[in-house]
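**Q** Starting off with a structure, shown below.
The values are calculated or read from the model by the stated rules, or taken from the named source; none is laboratory data. In this text, all values refer to a predicted model and were calculated from it rather than measured experimentally. Cβ coordinates were reconstructed from backbone atoms using ideal geometry, including for glycine residues, and neighbour counts include every protein chain displayed. Keep in mind that these areas ignore ligands, DNA and RNA; they rest on the heavy atoms of the full protein, side chains included. Shrake-Rupley method; radii C 1.70, N 1.55, O 1.52, S 1.80 Å.
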Amino acid sequence: MCIRDRYQRRVRGRNAGPTMASGLSTDNMNPRIKKAEYAVRGELVIKAGQYDAALEAGEKLPFSDIIYCNIGNPHSVGQVPLTFHRQVLALCMYPNLMENEQAMTGFPADAVA
């Protein structure tokens, strides 16, 4: 008996929720997951805003500027956009795009090749 079968048998025996066979849905998932939130204005950003305001007011801190790098914007800290990879993926996901001459003017030759 494989590990998955033993797991399914144990789960079914305890009536502990969905098995791999029945699948996961919003009806049988943990309610805490449904209530989870993504907060861009979380604790770190609020504290960074306070530091930023203090620096603007002339307060002396052990640093001279704030880098907001927790917001999911890598370009704000100087990361180069992943343009080439996105272009290649776009063409792989939608190959019919290569049949449109006007659309192809926006893609470099090495992304098409």
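**Q** Among the residues of region 75-113, write down those that are within 30 Å of residue 46 (Cβ to Cβ) and touching a Leu at 6+ places or on another chain (Cβ under 9 Å).
**A** Kept after step one, since they are within 30 Å of residue 46 (Cβ to Cβ), are these residues of region 75-113: 75-82.
Within region 75-113, no residue meets the criteria.
**Q** Out of all the residues in region 99-113, which are open to solvent by 90 Å² or more (accessible area, probe 1.4 Å) and in a helix (DSSP H, G or I)? Spell out the reasoning first.
**A** Restricting attention to region 99-113, the residues satisfying the condition of being open to solvent by 90 Å² or more (accessible area, probe 1.4 Å) are 99, 101-102, 105, 110, 113.
Hits for region 99-113 are 99, 101, 102, 110.
**Q** I would also like to ask the following. Considering region 24-34 alone, what residues qualify as being loosely packed, with under 10 Cβ neighbours inside 10 Å and not charged (D, E, K, R)?
**A** Result: 25, 26, 31, 33.
A quick yes/no check of all residues on (1) open to solvent by 60 Å² or more (accessible area, probe 1.4 Å); (2) at pLDDT 75 or above; (3) under 30 Å from residue 103 (Cβ atoms):
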residue	(1), (2), (3)
36	yes, yes, no
39	yes, no, no
51	yes, yes, no
67	yes, yes, no
72	yes, no, yes
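**Q** Next question, about the same structure. Could you list, in sequence order, all residues of region 26-55 that are more than 15 Å from residue 68 (Cβ to Cβ) and among the hydroxyl-bearing types (Ser, Thr, Tyr)?
**A** 26, 38
**Q** Here's a follow-up. Give me the residue from region 46-85 that is assigned to a loop (DSSP other than H, G, I, E, B) and of a type in the set (Val, Ile, Thr) and, out of that set, farthest from residue 109 (Cα to Cα). Working first, answer last.
**A** The initial filter retains those residues of region 46-85 that are assigned to a loop (DSSP other than H, G, I, E, B), namely 57-73, 78-82.
Among the residues that remain, those that are also of a type in the set (Val, Ile, Thr) are: 66-67, 71, 80.
Details: 66: 39, 67: 36, 71: 33, 80: 20 Å.
Of everything passing the filter in region 46-85, 66 is farthest from residue 109 (Cα to Cα).
**Q** Then there's this: Got a number for residues in region 86-97 being open to solvent by 90 Å² or more (accessible area, probe 1.4 Å) and in a helix (DSSP H, G or I)?
**A** Within region 86-97, the subset open to solvent by 90 Å² or more (accessible area, probe 1.4 Å) is 86, 89, 92-94.
If we keep only those that are in a helix (DSSP H, G or I) too, we end up with 86, 89, 92-93.
Of the residues in that region, 4 qualify.
**Q** Anything in region 45-60 that is among the hydrophobic types (A, V, I, L, M, F, W, C) and more than 30 Å from residue 26 (Cβ to Cβ)? List them, or say none.
**A** So in region 45-60, the residues among the hydrophobic types (A, V, I, L, M, F, W, C) come out as 45-46, 48, 53-55, 57.
Within region 45-60, 46, 48, 53, 54, 55, 57 meet the criteria.
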